[in-house]
Amino acid sequence: MTVTSQTRFHSQGASSPAGILLATILGTLSTTLTVTLWTVAATIFGDLETVLPLGWALLSGAVIGAVVGAFRQGKDTPTAVTLITGLGTGILWLILSGGRPLNMNMPELHLFWGVAGALLTFTAAAHLTRYGLRDLGLGRIDRNHLELLLLRVTRAAGFVFFLTVVIFPFYFMVASSLKPRAELLQNPSYLGVDLARKLSDLLIGYREVLITHEFWRFILNSTFVSLVTVAITLVLSVLGAYAVTRLAFPGRHLLSRSILLIYMFPAIVLVIPLYSVFSQLGLRDTLPGLLIVYPATTLPVALYMLRSYFQTLPKDLEEAGMIDGCTRLSVIWRITLPLSLPALASVGLYVFMIAWNEFLFAFMFLDTPAIFTLSRGMVGLNSQEVPRQFLMAGAVIVTVPIMVIFFWFEKYLVGGLTAGGVKG
């Protein structure tokens with residue numbers, strides 16, 4: 001038997017003491033994470049007084065990691081072993097805690113946050129440990145195994161942290177928008193939602209915001225401004241990017257390099273002279289005024305993105321089209337644009353998000369409520385006379401459409417941003 005075959009056989013056999021120790025450490029980290037999330041969820045969403053039993057979490061995690069590592073078959077632990085380990089540790093936790101896991105003081109909620117929480121927490125910890133050890137032979141531990149495991153742990157911790165940072169504010173916003181004003185005043189830290197209430201009572205904040213505060217009109221205004229901004233920006237950026245990449249004229253290289261110079265000036269510096277000029281021209285407090293400013297602020301980045309993409313398109317196709325009798329505009333319409341759909345989609349999405357969320361120019365230029373955009377209309381809800389429930393409902397109305405559009409067209413955004421990065 002050669003050395004290579006011996007090493008492969010050893011790595012796929014029983015776990016070594018060092019491998020079990022490595023699994024124990026990973027199990028401890030996984031269980032600490034899941035128990036911490038369980039404690040935070042029971043405290044915030046269950047409105048319970050809880051205590052984080054860090055010592056018991058470390059001990060339970062060590063048991064989970066040792067069992068998952070010891071019962072490895074090849075490079076994976078059977079699902080049944082993982083499930084039994086998690087459930088068994090959860091049951092043991094309930095027994096040792098005397099029926100009061102996390103030192104809970106509200107017995108009526110123990111069935112969900114206590115019993116179910118313990119079983120789900122430790123089952124999740126067992127599966128996390130198994131997932132972290134996937135394709136990792138525990139028979140022989142070397143530096144590559146340690147680096148791979150460290151990378152997985154760091155990536156998982158970062159993912160949980162950033163996911164929590166992103167999801168928690170959004171959940172707080174949605175939960176607050178579904179509560180009555182009295183409940184928000186009595187216990188503002190409680191994030192649970194009483195779903196047993198009537199649907200009309202849950203959505204009363206959205207009804208008041210959309211009808212009483214006329215957010216339906218703001219939605220139409222924002223949609224109109226955003227779509228027109230996208231259309232103007234795409235038309236001008238396509239023509240400008242094509243001219244920079246295909247036509248020879250004096251100052252082309254200088255223009256190509258100075259496209260993004262406008263972003264050297266903060267928007268707050270530009271808003272004061274623009275306010276003065278628009279007041280003299282009669283464009284202040286009008287939507288056409290915004291339709292002049294928004295394309296001007298989004299056009300440089302759109303030009304830059306499309307220029308990078310057009311540079312990757314072969315000129316031979318366009319020259320062949322012109323030989324066949326196409327004009328320059330026909331070449332752009334029939335050849336360049338169909339080949340540039342990913343970049344056009346990403347630029348359109350980027351411009352739409354900027355126009356939808358823009359606040360500074362809308363706040364400075366618009367005074368008539370009938371033409372307010374969504375971001376400008378939100379200011380009217382930020383007062384002591386308006387319940388926080390309505391403010392949160394308005395924030396959800398502003399946020400959800402752009403989130404849906406972003407996740408729907410995310411692949412085009414990523415593809416358009418990376419397109420043109422490598423030429424050839």
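Quick one: count up the residues across the stretch 240-261 that are loosely packed, with under 14 Cβ neighbours inside 10 Å and within 13 Å of Pro300 (Cα to Cα).
Within the stretch 240-261, residues that are loosely packed, with under 14 Cβ neighbours inside 10 Å and within 13 Å of Pro300 (Cα to Cα) number 4.
Among the residues of the stretch 357-373, how many are crowded, with 22+ Cβ neighbours inside 10 Å, under 21 Å from the mean Cα position of the chain (by Cα) and not in a loop (DSSP other than H, G, I, E, B)?
Summing the residues that are crowded, with 22+ Cβ neighbours inside 10 Å, under 21 Å from the mean Cα position of the chain (by Cα) and not in a loop (DSSP other than H, G, I, E, B) in the stretch 357-373 gives 0.
Can you pull out every residue in the stretch 158-174 that is in contact (Cβ under 8 Å) with a residue 12 or more places away in the chain, among the aliphatic types (A, V, I, L, M) and more than 26 Å from Leu92 (Cβ to Cβ)?
The first filter runs over the stretch 158-174 and keeps only residues in contact (Cβ under 8 Å) with a residue 12 or more places away in the chain, leaving 160, 170-174.
From the residues that got through so far, the ones that are among the aliphatic types (A, V, I, L, M) too are 160, 173-174.
Of everything in the stretch 158-174, those that are in contact (Cβ under 8 Å) with a residue 12 or more places away in the chain, among the aliphatic types (A, V, I, L, M) and more than 26 Å from Leu92 (Cβ to Cβ) turn out to be Met173, Val174.
Inside the stretch 272-344, counting only helices (runs of 4 or more DSSP H) that do not spill past its ends, which hold 3 or more residues that are assigned by TED's automatic domain parsing to the domain that holds Glu410 and either at pLDDT below 85 or within 30 Å of the chain's Cα centre (by Cα) (or both)?
Hits in the stretch 272-344: 287-310, 315-323.
Would you mention how many residues in the stretch 125-143 are free of Cβ contacts under 8 Å to residues at least 40 places away in the same chain and closer than 26 Å to Val35 by Cα? I'd like the intermediate steps shown before the answer.
Taking the stretch 125-143 and keeping what is free of Cβ contacts under 8 Å to residues at least 40 places away in the same chain, we get 131, 142-143.
Add one more test, that the residue is closer than 26 Å to Val35 by Cα, and what stays is 131.
Residues meeting the conditions: 1.
Might you check whether a residue that is surrounded by 23 or more Cβ atoms within 10 Å (Cβ to Cβ) and either closer than 24 Å to Thr154 by Cβ or in contact with a Phe, Trp or Tyr (Cβ under 6 Å, 6 or more places away or on another chain) (or both) occurs anywhere in the stretch 71-79?
yes
Look at Thr223 and say whether it is under 26 Å from the mean Cα position of the chain (by Cα) and either β-branched (Val, Ile, Thr) or not in a loop (DSSP other than H, G, I, E, B) (or both).
Values: under 26 Å from the mean Cα position of the chain (by Cα): yes; either β-branched (Val, Ile, Thr) or not in a loop (DSSP other than H, G, I, E, B) (or both): yes.
When the stated conditions are applied, Thr223 passes them.
Restricting to the stretch 170-202, name every residue that is under 18 Å from Val404 (Cβ atoms) and either assigned to a loop (DSSP other than H, G, I, E, B) or of a type in the set (Ser, Thr, Tyr) (or both). Give the steps one after another, and end with the answer.
Pass one, the stretch 170-202, residues under 18 Å from Val404 (Cβ atoms): 170-171, 173-174, 177.
Within the stretch 170-202, Tyr171, Ser177 meet the criteria.
Kindly indicate whether any position in the stretch 312-335 is in contact (Cβ under 8 Å) with a residue 12 or more places away in the chain and closer than 20 Å to Val225 by Cβ.
Kept after step one, since they are in contact (Cβ under 8 Å) with a residue 12 or more places away in the chain, are these residues of the stretch 312-335: 312-313, 315, 317-318, 321, 331-332, 334-335.
Filter again for closer than 20 Å to Val225 by Cβ, leaving none.
No.
Of all residues in the stretch 96-122, which are modelled with pLDDT under 85, surrounded by 21 or more Cβ atoms within 10 Å (Cβ to Cβ) and not aliphatic (A, V, I, L, M)?
Pro101, Trp113, Gly114 - these are the residues of the stretch 96-122 that are modelled with pLDDT under 85, surrounded by 21 or more Cβ atoms within 10 Å (Cβ to Cβ) and not aliphatic (A, V, I, L, M).
I'm told Pro338 meets every condition in (1) surrounded by fewer than 17 Cβ atoms within 10 Å (Cβ to Cβ); (2) under 30 Å from Leu360 (Cβ atoms) except one. Can you identify the failing condition by its number?
It fails just one condition, (2).
The values are calculated or read from the model by the stated rules, or taken from the named source; none is laboratory data. Small disclaimer: the values here were computed from a predicted structure and weren't measured. So basically every Cβ, Gly included, is an ideal-geometry build from the backbone, and we count neighbours across all protein chains shown.
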